[in-house]
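Have a look at the structure below before the remarks.
Throughout, read-outs are computed from the coordinates displayed, never taken from laboratory work. Keep in mind that this is a model prediction, so the values were computed, not measured. Positions of Cβ are generated from backbone atoms using ideal geometry, with glycine treated the same way; all protein chains shown enter the neighbour counts.
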Amino acid sequence: MSTPSAPPPCPHLAAHRLSSRPLRFVRRCLRVRPLGRPEIRRDPRELPRCSPCAAASPSPSPRLYACLSCAAVFCPSHAASHASASGGPGHQIAVDVDRAELFCASCGDQVYDPDFDHAVFLAQSSSLLTSTSSASPSPAPRKRRRVDYRAWAPDPAEFALMSSADPTTSSSAAAPAGLRGLNNLGNTCFMNSVLQALLHAPPLRNYFLGDRHNRFLCPRRTPVRHRAAEADAAKVACLACDLDEIYSAAFSGERMPYSPAKFLYSWWQHASNLASYEQQDAHEFFISILDHIHENIKDDQHKSHVQGHGDCCIAHRVFSGILRSDVTCTSCGFTSTTFEPCMDISLDLDVGDNSPFGVANTKPHARNGERGLAGMNSKVSTLMRCLERFTRAERLDAEQKFFCEHCDERQESLKQMSIRRLPLVSCFHIKRFEHSAVKKVSRKVDHCLQFPFSLDMAPYLSSSILRSRYGNRIFPAEASDADAVSELSSEFEIFAVITHSGKLEAGHYVTYLRLNNHWYKCDDAWVTRVEEHTVRTSQAYMLFYVQKTLYYKACERAAAV
């Protein structure tokens, strides 16, 4: 496989280079903090604020950018409006006030420029030389007054200040293990959001932290790792090894953001058609990662490598389930049943429309926290309604007539999906991107989705669907079914939510993690603790649930540590 070429740079940055002087002039506007972190030089008493946000709310934005053309300060929410309102070229490129990083307001992401990077390097180098040269020889030691040691303890005001500045370091809620930010390498928020969810999936985490896949002993080690001259250059990188390295870095105890550059490069080798810094779909990336892990990991304990078997690799043992499809002839009642494996379930947003055939189950499920239809807004989408829509019978179109073996001709039929076997981790993909074949346009569905933290999947199993169709009769084939789901394994707990904000063309992915009964927002390199209300009101794009027994076992181990 050929090595992927470098992606083209940001077009707005290229236009800025042609219309403005090189970015090395920014060096005199930079200053370096004592620990070597660069930032924009400003008066210590000055508190930069976003102008639109300051008019509405006095609280400062967590991230602020300064336009390189007009020095206007704005937050990420008003970046695109500033770039479009300014009109002239050059207003699309800005610099982070606190981190001294280039940012494209039109693309909504960080960009890279070698001249700017060289200016930052020179500023850091000159700051280091100044600090070392200004150090004068130490005077002769003199006798100091002896002071008794006294341990420092924060007073109530200092304790409140520390808790408000960084909630994850407060004494009431220590930062959980493995909670580490991931640097954005250029429109790679889709990758960071999926990696955060995979890092905290209990079965997958236990597999890699238990040294079940050792990257130093993997037979698929790439030439980049062992630097052997006789290495096979055609051998593709092992994504499982790179994922094992990310697990080691995330759970090492280090809190500084980690850069998954090696993992991104390995994924580019597997998916060369997506080797670019353009924004990708998080769901497609998730499926691609599981497929390539399935190709890389060969478990000697299981000889069957058929994907539908469910135990061929760790990816399928964790995420693989089995769907059941029943197609019933409306003329004679003959039913054709097929089974197919699935790594996730894609759900359409349901806004309360009733089934046109009168077969939808509208009874609320108390175990999922759903109220009666009389007290619920019928235009609010819920995860339970989406699952009801997925498992209810639908009439096939005239072009999709089913060939009935009893009638020996094509007949109109009803198709109904159900879940025969649940995985350890259930992933629900919410279809928020629609494409109209008539208008030939795509759009994003911004409807709010309500989802429970505790989910009971029993109403959507094949056993429940068949019981509602045929009554309480037990068929011999179903009584001896090895894939039958018990009452305990049908209960799930949520542990990760991937959200998408923005437009279809330029959006941003963020992951919310539920660790030790607290929610944390993972926005690339930034990790902050948030309230439960923030998660419930977010635009969920992918929901990750784990079986309740595994979730509480993970919480108990975390509490013991």
Long-range amide H partners of CYS238 with built H, under 5 Å:
THR222
Count the net charge of all other residues whose Cβ sits under 11 Å from the Cβ of TRP519, scoring Lys and Arg as +1 and Asp and Glu as -1.
+2
If the chain between SER336 and SER276 were fully stretched, how many nm would it gain, using 0.36 nm times the residue separation less the Cα-Cα distance?
17.2 nm
Going through LYS415/LYS521; LYS415/LYS503; LYS262/LYS503; LYS444/LYS548; LYS262/LYS521; LYS401/LYS431 one by one, the pairs whose alpha carbons sit over 31 Å apart turn out to be LYS415/LYS521; LYS415/LYS503; LYS444/LYS548
